Structure formats: C-alpha cells, structure tokens
Amino acid sequence: MVSIVKTVAFQGVEAIPVDVQVMVAPGKIAMTIVGLADKAVAESRERVQAALHASGLSIPPKRVTINLAPADLPKEGSHYDLPIALGLMAALGAIPPDALERFVVVGELSLDGTIAKIAGTLPAAMGANIQNRGLICPYDSGPEAAWADPDMEILAPKSLIALANHFKGTQILSRPTASIRKHGDDLPDLCDIKGQETAKRALEIAAAGSHNMLMVGPPGSGKSMLAARLPSILPALEARELLEVSMIASIAGNLAGGQLTDRRPFREPHHSASMAAMVGGGIRARPGEVSLAHNGVLFLDEFPEFSPQVLDSLRQPLETGVTSIARVNHRVTYPSRIQLIAAMNPCRCGMAGEPGHTCRRGDRCAADYQARISGPLLDRIDLRVEVPAVSAADIMTRKTAESSADVAKRVSIAREIQKQRYLQEGVSTLTNATASASLIEKIAAPDNDGVKLLREAAESLRFSARAYHRILKTARTIADLEQSQTVGCTHLAEAIAYRIAGNRLAVAA
C-alpha cells in the first residue's frame, strides 16, 4: 500500500509542492528515503522512528520506502519529519488514509513525539492556500500560518498523539489565531540629539521618500545616533509590505512566537560581514542582510571598512530591488527593496578637515579612505550629508529639540501623498525613490527656473543620467513634505546641495 502526503520544498520565499510517498512492503527490514534529500532529511528516519515509538506505534518488520517527488528537486530541512511520519501512520492504518488529502503538512519531530517549530511556515501556508488545501504545522507556528487566509483550515498540534486523536474525533484541535507583536515606545527619539539640524533635515527627507543616505563626520558627531532614530519616524508597513517582510523573516526563522510585526526592519551588520552574509548564500542559499532588510533600512556603519566586493554587491539590490543567488542546480531570488543608510569618517584617523587638526598623511589620507567606496555605488546614494562635531554650545543648550513624533507626522503625510499619486498613475510604487525614470520625469517636472538651475548644475557638475533622475526624486520628496503640487527651484536647489555633499566627498565622487 502506498500513502501520499502533500508537503513543500522552499526555493527562496516560494513553496514548491512535494509529494511524500510512503510504501510498506514485504522484504528486508529497512527504511529508505529517496528523492534528492540532504543530510537533515536523511536523518528524519531516526527522528520519525523514535517519535512513533514514543507515541505507542511500532513500525512492522517490513521494508519501508519513502520517495520525495519530484525526485530531481533538492529537498532540504527538517520540516519533512511530520509528513513522513503521517504517511507511515496512514500506511499502517493508525489514521484514516483520506484524512490527509486536503492538507499540506510541515513540521519537525522531537524524539518524544512532540512537534517542534520550523522555519518557513508562512510561505508553506501561502503555498497550501494556492492549492486550496489546509495546513498541518507545529503548534508554535500556528499563529504565523493563520495569516495566510482567515478561512483556511489550519491544524497546529503539539504532538503526534494530539493529531491522531483529532482525526479519530476524540480531541478536536482549535484553529490558531493570527497575532501582531505589540511594541512599546522603545525606539530612541530624535529629541535626544542636540544640534545637527542639517542632518536631521536630511534624515526626514530620507524617511519621507525612502532615499539612500550617507553621513560623513568625525567620531562622536552623532552619525550612529541619527541612524538609530530613523525607525522612529518611518511609517508602519503596508499590508502587502508586511506580508513580504514576514515571509522572508519566516524563511530565516526570525518570527518570534509566530507573531508578525508591522515595524520596518532595521538591520545593522558589522563591517566584517562576508558576501554571503550580506546578500545571501551558503549551501541552502539563505537570505542575507539585504533581504532581511526588505522594505526597511540597512544601516552600514564604518562604511569604507566593509570589503569593496561586499559593498559593490549592493549595487544590484539598490537598483532592482531583488537579489538573485545562483547555484549549480538551482537559482533563488529574494526581494531586497532596501533603504541604505551609511555612516563613515572622512579619513582613517577620522579628523580630516576638523579645525585645529592636521593629518600626518595630508590629503592622501582622506583620498585613499574615501576611494574604498566605488563611484557606481556612490552614484546610487541620493543624500550625502556632512555631520560636523557638535559644539559645546549645542551640548549645553537647554532648548528642547523636535521629537520623533512630530517629524513622523510630516513623513506620514508625505508618504500618503506619494501613495495616492502612484495609485492614480496605476503603478505599484509607494515612494519616490522607487519610481521609474520616465515616471519621475512626469511627476517631478520642474518650472522654468528649475529647468535652468538643473541644466547649469548638470553641466558644471557633470551629473550622470542616474544622478539627474535621483535629484528629481529627492526634489519631489522635498516638495511633498511641503505639500506642494509642483517642484520648484528651491526644492531642486536643496536636492542638488545634498547630492554634491561638500568638499569632503568630492574625492570619492
């Protein structure tokens, strides 16, 4: 007799249907798993046998063959334990064979028969919903799976015995409830920062239009403090964005308690991060920091200290919003629409250009340090801001700075203006930074004075085509913050000023 249980294999955030085919037949006593399974799947044999024994079900002395079809698709992970065990139970008559026909099954088994949480439950639930099937998953993953569809049948047992009793009708499992993680007022506030009004203004513009931003200044000037306060002024995730972010977090196993969060991701990897850690990779092609920051912020402190190869690997995600990881036998694509916020010292000693300080290597120190950032990467950064050392007068002032709540209100209004504008244009874009070149030329067309200013700046500063369009995007965001219908000369002038960024970045540009 052959029993078939539906499950999935993960490729990126996509759940590929897989059939677990179990046959119990006379022959030499053995349990064999075939179908291009990795080490974790091969070890399912031991976990399944121990879990069934702990649940009071012994495997007969026969030959058991388990095929994972399609056989040429790589199978990775421990979530095949539960479908294999249920296939065996159906083949042995411990549960009705037709009870599993309407379900997709995922779950890892412990040796005592309990079902452990797995990564990827949300994509599995989405895949099951597309197949018009229900989902059987671990108890701790139930709240995560419940987000797929409110009408979808979901069983989240704690153990094999609880699931078997449910199918027998002696113990009914209730449907898990979807939940959002509650956040308190735990984010640092902009009012903590004294001075740095120019940098705060640039941070507000970056938040309003999702623009990339680079801060340059000496140690202790407040660059990291400014970046840490960006999440406090960003709006909550839209419904579509929430689902995309949660699916990536689910694949990475980062959904605590199966609860989703509407707070935008904020990732800050150390500058020693490898290429695989940044853009994703490894044997199982897991998502990297760029994908984990999708629809959120990727903060890179000590920007030039990252490997030049790692930095240049960000160019594709910044331009296309996706990361493609190619392997010999498969290719995985992860969403990676990020807002890059970077911070750096002007030179290796950190004090180049500061009054009263003379670098022993002269201008060469700053030139060599800034040259670690390639021109094509720098060209993708819209806002470049100098963050000078804070003066004693700023530190001792008792004047209360503007709070994050006040800034967040203006950012929210600007984001809503952009959302409505792009809905009218019939595109899925939500922010100015992600608008296409042709569209931004239409919605950010400057007046006559603006055209003249932009032409003079482009000729004198030799802007690239990308730089031209990014200046228009930034100017459009500045106009949205002022709730202006048109892009004026003052908006363009401010956008150009952020683009040229002063003498300290002239070497890197």
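The values are calculated or read from the model by the stated rules, or taken from the named source; none is laboratory data. Computed from a predicted model, the values in this text were never measured in an experiment. Backbone-built Cβ (ideal geometry, glycine too); neighbour counts: all protein chains shown. For accessibility, only protein heavy atoms count, side chains too; no ligands or nucleic acids. Shrake-Rupley method; radii C 1.70, N 1.55, O 1.52, S 1.80 Å.
Observations
- Residue match in the stretch 467-480 (condition: farther than 17 Å from Ile381 by Cα and open to solvent by 80 Å² or more (accessible area, probe 1.4 Å)): no
- Filter result for Ala342 (touching a residue at least 24 places away in the same chain (Cβ under 8 Å) and within 30 Å of Phe10 (Cβ to Cβ)): no
- Within the stretch 165-186, if we keep just the residues that are touching a residue at least 12 places away in the same chain (Cβ under 8 Å) and among the β-branched types (Val, Ile, Thr), the residue that is most open to solvent (accessible area, probe 1.4 Å) turns out to be Thr177.
- Helices (runs of 4 or more DSSP H) (entirely within the stretch 235-318) containing at least 1 residues that are of a type in the set (S, T, N, Q): 239-252, 289-292, 308-312
- Set Ala9, Ala90, Ala51: member being touching a strand residue (DSSP E or B) at 6+ places or on another chain (Cβ under 6 Å), surrounded by 15 or more Cβ atoms within 10 Å (Cβ to Cβ) and part of a strand (DSSP E or B): Ala9
- Scanning the stretch 444-466 for residues being crowded, with 19+ Cβ neighbours inside 10 Å and assigned to a helix (DSSP H, G or I) gives a total of 3.
- Where a residue in the stretch 435-456 is free of Cβ contacts under 8 Å to residues at least 24 places away in the same chain and its partner, wherever it lies, is surrounded by fewer than 18 Cβ atoms within 10 Å (Cβ to Cβ) and in a loop (DSSP other than H, G, I, E, B), with Cβ under 7 Å and at least six apart: Leu439/Val427
- Restricting Met225, Met215 to residues that are out of contact with any Gly (no Cβ under 7 Å at 6 or more places or on another chain) and open to solvent by 30 Å² or more (accessible area, probe 1.4 Å) narrows the list to Met225.
- Close pairs from the stretch 384-402: first hydroxyl-bearing (Ser, Thr, Tyr), partner surrounded by 15 or more Cβ atoms within 10 Å (Cβ to Cβ), Cβ under 7 Å, at least 6 apart: Ser391/Gly195; Thr397/Lys194; Thr400/Cys191
- Residue selected from the stretch 318-345 under the condition modelled with pLDDT of 95 or more and in contact with a Phe, Trp or Tyr (Cβ under 9 Å, 6 or more places away or on another chain), by the criterion surrounded by the most Cβ atoms within 10 Å (Cβ to Cβ): Ile341
- Matching entry among Arg364, Arg380, Arg372 (being assigned to a loop (DSSP other than H, G, I, E, B) and open to solvent by 30 Å² or more (accessible area, probe 1.4 Å)): Arg372
- Matching residues, the stretch 59-87, being assigned to a loop (DSSP other than H, G, I, E, B), under 25 Å from Pro157 (Cα atoms) and at pLDDT below 95: Ile59, Glu76, Gly77, Ser78
- Restricted to the stretch 54-80, and to residues there that are among the charged types (D, E, K, R), surrounded by fewer than 18 Cβ atoms within 10 Å (Cβ to Cβ) and in contact with a strand residue (DSSP E or B) (Cβ under 6 Å, 6 or more places away or on another chain), the residue that is farthest from Leu36 (Cα to Cα) is Lys62.
- Assessment of the stretch 250-261 against the conditions (closer than 24 Å to Ile118 by Cβ, in contact (Cβ under 8 Å) with a residue 24 or more places away in the chain, touching a Lys or Arg at 6+ places or on another chain (Cβ under 6 Å) and hydroxyl-bearing (Ser, Thr, Tyr)) yields at least one matching residue.
- Condition met for Gly113 (more than 25 Å from Gly282 (Cβ to Cβ) and buried (at least 24 other Cβ atoms within 10 Å of the Cβ)): no
- For the stretch 12-48, residues that are of a type in the set (S, T, N, Q) and surrounded by 14 or more Cβ atoms within 10 Å (Cβ to Cβ) total 2.
- The condition (being within 26 Å of the chain's Cα centre (by Cα) and of a type in the set (D, E, K, R)) is satisfied by just one residue among Asp149, Asp192: Asp149.
- Any hit, the stretch 152-164, residues being open to solvent by 20 Å² or more (accessible area, probe 1.4 Å) and farther than 27 Å from Leu92 by Cα: no
- Residues considered: Ala285, Ala273. Of these, the only one that is open to solvent by less than 10 Å² (accessible area, probe 1.4 Å), farther than 20 Å from Gly209 by Cα, under 17 Å from the mean Cα position of the chain (by Cα) and hydrophobic (A, V, I, L, M, F, W, C) is Ala285.
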